[in-house]
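The values are calculated or read from the model by the stated rules, or taken from the named source; none is laboratory data. Treat the numbers as computed from the prediction; the structure is a model and nothing was measured. Every residue, glycine as well, gets a Cβ built from its backbone with ideal geometry; the counts of neighbours run over all protein chains shown.
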Amino acid sequence: MGNSTTKTAVLDGAYKKATWHLIPFIFVCYFFNYLDRVNVGFAKLEMLDALNLSNTVYGLGAGIFFIGYVLSGVPSNLILHKLGARRWIAVMMMAWGALSAAMLLVNSPTSFYVLRFFTGVAEAGFFPGMVLYFTHWFPSQKRGQVMALFMSAIPISGLIGGPLSGWMLAHFSAGQGGMAGWQWLFLLQGIPTVLLGVAVYFYLNDGIGQAKWLTSEEKAAMQGALDDDEKQRQATSTVVQSLGAVLRNGSVWMLGVIYFSIQMGVYAINFWLPSIIKSLGYESAQTVGWLSAIPYLFAAVFMVWAGRSADKHRERRWHVSAPMLMGLFGLLMAANFSTNALVVMIGLSMATMGALAALSMFWSLPAAFLGSAAAAAGLALINSLGQIAGFVSPFLVGWIKDATQSTDAALYVLSAVMLLGALLVLRVPAKLVNR
């Protein structure tokens, strides 16, 4: 009894150390990853008029990022698995930070498309690489809260990035240094990512064995917990163990469709939230920035609560499906009451809370049945399938807005897609994922 209590205390202390050492730093990296990915939504407020681009061109440019992202996702994660997280994540961050900053040079639809495509290529391995990285530190029953803390960088990037981007557009609107506000936006939000990439090389460890900040006893306890977790997965007949098995497994493809449906809502919010708020009659970029922070504030709190609830109750499916239903209901509210600013903001807040909570909770599903040999390719494949929504969603919304002068019809389509995904989640066997 005493040895068991001591072992538990050591393990709890080790997890606390690992959480505080890894999560805040990786959180900041993901914050700038997401900021660099979606700041084009704020740049759009000035860039389209300055370059005489249509909403369809913007939607295609915002979405073409994800063609590069999808094509490079699996190869990038396999490289990370071979080289280690520290080296490859450092390279990726310096590359996409430089490309994001180079967006200030856009002067035509072609240059917009090209830079967005290669930024997607550079970023492709970061998120699935981080999901894989956490499997080297935390067992299944710990990952719900860890993923929620990590992915709360998404709403925080909206919470901070919205007002910050609005301020940058307003502050630099006079054209300081010969550049427009949208050009300063790309430059000032791209440079920190390059610097963080350098820091990654010196700060991260590739695994428990390299962590000098853990004692030998703590390392042994954490590795033992990971080994036990792997044995539990091996005991499940549906565990996928090879790249070939990943490609042949119907559950992997179904999870890709579920993730696609979640991301359809997420990217519609990320790329079009400023424009929807502006359409309510708010012309000031700063006002749009502050109002766009409200949905992300509620989402940040809700995501952390959902992660703790999922781990506490050892329940995964409804912690994905229920937020998706909440998200689609919020989109329907925003579409049906598009002239009522208060109701639209409530609807957008609910949609953001639901979509982002489902996004973070989702990753407990594939991690539960992908064996260690298949995790790198499986997680990257599911992520790549889901990221196709990053192309489809903004382009669809932009095309519908040009055709109808409203985003309402697009919100109906997105709601239907999220409903399909919520129903598919419930087809995942509970005994497989509720650990």
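When restricted to residues that are of a type in the set (A, V, I, L, M, F, W, C), at pLDDT 75 or above and surrounded by 16 or more Cβ atoms within 10 Å (Cβ to Cβ), the stretch 226-253 contains 2.
Confirm whether Pro295 is at pLDDT 85 or above and under 24 Å from Asn383 (Cα atoms). Spelling it out, it is not the case that Pro295 is at pLDDT 85 or above and under 24 Å from Asn383 (Cα atoms).
The numbered conditions (1) on the phi > 0 side of the Ramachandran plot; (2) in contact with a helix residue (DSSP H, G or I) (Cβ under 6 Å, 6 or more places away or on another chain) are all true for Phe66 except (1).
Just so you know, in the stretch 85-144 the residues that are part of a helix (DSSP H, G or I) and β-branched (Val, Ile, Thr) include one that is farthest from Asp206 (Cα to Cα), and it is Thr110. Restricting to the stretch 160-177, name every residue that is surrounded by fewer than 21 Cβ atoms within 10 Å (Cβ to Cβ) and at pLDDT 75 or above. Of everything in the stretch 160-177, those that are surrounded by fewer than 21 Cβ atoms within 10 Å (Cβ to Cβ) and at pLDDT 75 or above turn out to be Ile160, Pro163, Leu164, Trp167, Ala170, His171, Phe172.
Counting only helices (runs of 4 or more DSSP H) that sit wholly inside the stretch 148-235, those with at least 1 residues that are among the polar types (S, T, N, Q) and within 23 Å of the chain's Cα centre (by Cα) are 153-171, 181-203.
With respect to being in contact with a Cys (Cβ under 8 Å, 6 or more places away or on another chain) and either on the phi < 0 side of the Ramachandran plot or at pLDDT 85 or above (or both), Met93 fits the description. Is the stretch 178-197 home to any residue that is more than 29 Å from Leu356 (Cα to Cα), surrounded by fewer than 16 Cβ atoms within 10 Å (Cβ to Cβ) and without any contact (Cβ under 8 Å) to a residue 60 or more places away in the chain? Yes, that holds for at least one residue. Only one of the listed residues (Phe134, Phe127, Phe117, Phe66) is closer than 25 Å to Ile382 by Cα and in contact with a Lys or Arg (Cβ under 8 Å, 6 or more places away or on another chain). That residue is Phe134. Selection of the stretch 374-394 for residues being under 12 Å from Val74 (Cβ atoms) and at pLDDT 65 or above yields Ala377, Gly378, Leu379, Ala380, Leu381, Ile382, Asn383, Ser384, Leu385, Gln387. Checked against the criterion of being over 17 Å from the mean Cα position of the chain (by Cα) and crowded, with 24+ Cβ neighbours inside 10 Å, the candidates Met303, Met350, Met333 yield just one match: Met350. Filtered by the rule that a residue be touching a residue at least 60 places away in the same chain (Cβ under 8 Å), assigned to a loop (DSSP other than H, G, I, E, B) and over 23 Å from Pro163 (Cα atoms), the stretch 11-56 gives a lone residue, Ser54. Taking the stated definitions as given, is Arg143 over 30 Å from Gln223 (Cα atoms) and of a type outside the set (A, V, I, L, M, F, W, C)? No, not satisfied. Taking every residue in the stretch 145-171 that is more than 16 Å from Ser349 (Cβ to Cβ) and touching a residue at least 12 places away in the same chain (Cβ under 8 Å) and pairing it with any residue that is surrounded by 24 or more Cβ atoms within 10 Å (Cβ to Cβ) and of a type in the set (D, E, K, R), at least 6 positions away or on another chain, the pairs with Cβ-Cβ distances below 9 Å are Ser157/Arg37.
For the stretch 198-225: of the residues being of a type outside the set (A, V, I, L, M, F, W, C) and within 22 Å of Cys29 (Cα to Cα), which is surrounded by the most Cβ atoms within 10 Å (Cβ to Cβ)? That would be Asn205. Of the residues making up the stretch 306-317, just one is closer than 17 Å to Ala153 by Cα, buried (at least 17 other Cβ atoms within 10 Å of the Cβ) and not hydrophobic (A, V, I, L, M, F, W, C), namely Gly307.
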